[in-house]
Amino acid sequence: MSRIGIAISGGPNPAEIVDLVVLAESLGYESAWVAEGHGGDQFAILSACAARTSRILLGTAISSVYVRTAPTIAMAASTVADLSGGRFILGLGSSHKAQVEPEHGVVYSKPLTRTRETVAFVRDLIREGRASIDGQTIRIENFDLWYTPRQRDIPVYLSAVFQKGIALCGEVADGIILTRSTVRTAAEVRVHLAEGARLAGRDPAKIEVTTLLPTSVAETREAALAALRPGIAFYCGFFPRYNRMMAEHGFAAEAAAIAEAWVRGDRETAERAVSDAMIDATSISGTPEQSRTRVEAYRQSGIDVPILSPFARGPGAKDRFEAAIRACAPDQG
């Protein structure tokens, strides 16, 4: 069976997300990932998913190391791992300064250090039941769990975009969660993963490479492209990190135009600056047949698990997610 995941990051409400994950399991998807951002609480949703599924892996993509304390992350992860019978993957990342500070009132500094220290503390607490840390970004005198976790080793995947973050994944993570990749990304990423893994004496071949892929499936390619354009404009306009990433993918002119329009508050011009080529290079978009072909291209490029990430907001969001899940379901023959 071809490996594939589904990620949900807003649009459907919490109960609808659970329904979609149940559907994905029935169609043979390997994993389901829930973001948070401005949606419902990801750990609560995944706990509900655990209760209604039996095989599909459940993960966070991602949980920010800034907006929850490290003990809270550990307890939440341990809870979902327990309720799912060990089917949980903890996806962590630093999120973005543009979100963390104005939206959560938390100082954003030393993101790689914060991520490294969070991973170390979370693993220690879950494995030993008690942990402390005197780090640069996290200082906890002592925290002990008042229960004995049944799942002591929870896989930790880290999100990363650029070289230093990818190398950190190679050092400490069980997997990497990329986003908006091209078919050239996997080969480059594996080089940096190997560099980090060597520093830690680890085998880079054991690190899973996954990527979140904006997805839109429609009756025509044109309709699919139109559905993805607002989301790409937002990510490229609002998040400096993703703007830089798109420029490095070869779309420097588009990235600059989107950023300029976004700063002016001109969303329509920002969306018009998103070219078809930019969407094609970094997403799954088109008819069902075109979408399946594109997923396979990512798989052949070296991505272990392509993760569909439909962009849908407002009325009918659940239906658009369901269309993508059904269209790209793995072969179960």
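Only residues of the range 56-74 count here: report those whose backbone N is under 17 Å from the spot 7 Å along Cα→Cβ of Arg127, or say none. Once the point is set 7 Å along Cα→Cβ of Arg127, 71, 74 turn out to lie under 17 Å by backbone N, inside the range 56-74. For the range 84-189, chymotrypsin sites (Phe, Trp or Tyr not before Pro) are listed when DSSP marks them as loop and at most 15 other Cβ atoms sit within 10 Å of their Cβ; the list is Trp146, Tyr147, Phe162.
Based on the mean of other beta carbon atoms within 10 Å per residue, what is the order of 48-58, 301-311, most packed first?
Top to bottom by mean Cβ count within 10 Å: 301-311, 48-58.
Determine which residues of the range 240-258 fall in the zone a paramagnetic label at Ala277 would reach in this model, i.e. backbone nitrogen under 11 Å from the point 7 Å along Cα→Cβ. From the range 240-258, the list is 250-254.
The shape of the range 221-281 can be summarised by an equivalent ellipsoid whose semi-axes, obtained from the alpha carbon gyration tensor, come to 16, 14, 9 Å from longest to shortest. For the pair Ser54 and Leu27, a Förster radius of 22 Å applied to the C-beta separation gives a FRET efficiency near 0.95, rounded to the nearest 0.05. Kirkwood analysis of the chain, using all unique Cα-Cα pairs, places the hydrodynamic radius at 20.2 Å.
Where does the charge balance sit around Asp82 when Lys and Arg score +1, Asp and Glu -1, over other residues with C-beta under 12 Å from its C-beta? Result for the local shell: +3. Calculate how steeply helix 185-200 sits against the longest principal axis of the alpha-carbon atoms of the chain, using the helix alpha-carbon long axis, and give the answer as 0 to 90 degrees to the nearest 10. Between helix and principal axis, roughly 10 degrees. Each Cα pair of the range 95-156 feeds into the Kirkwood radius, which the Stokes-Einstein equation turns, at 4 °C and 1.567 mPa s, into a diffusion coefficient of 99 µm²/s. Each Lys and Arg Cβ is given +1 and each Asp and Glu Cβ -1; about its Cα centre, the chain then shows a dipole of about 400 debye. Remark: the range 45-149 is approximated by an ellipsoid whose semi-axes, taken from the C-alpha gyration tensor as √(5λ), come to 24, 18, 10 Å, largest first. Taken about its Cα centre, the range 175-214 carries a charge dipole of about 20 debye when Lys and Arg each add +1 at the Cβ and Asp and Glu each add -1 at the Cβ.
No value in this document is a laboratory result; all are computed from the given coordinates. Computed from a predicted structure; not experimentally measured. Note that each Cβ is placed from the backbone with ideal geometry, even for glycine, and that neighbours are counted across all protein chains shown.
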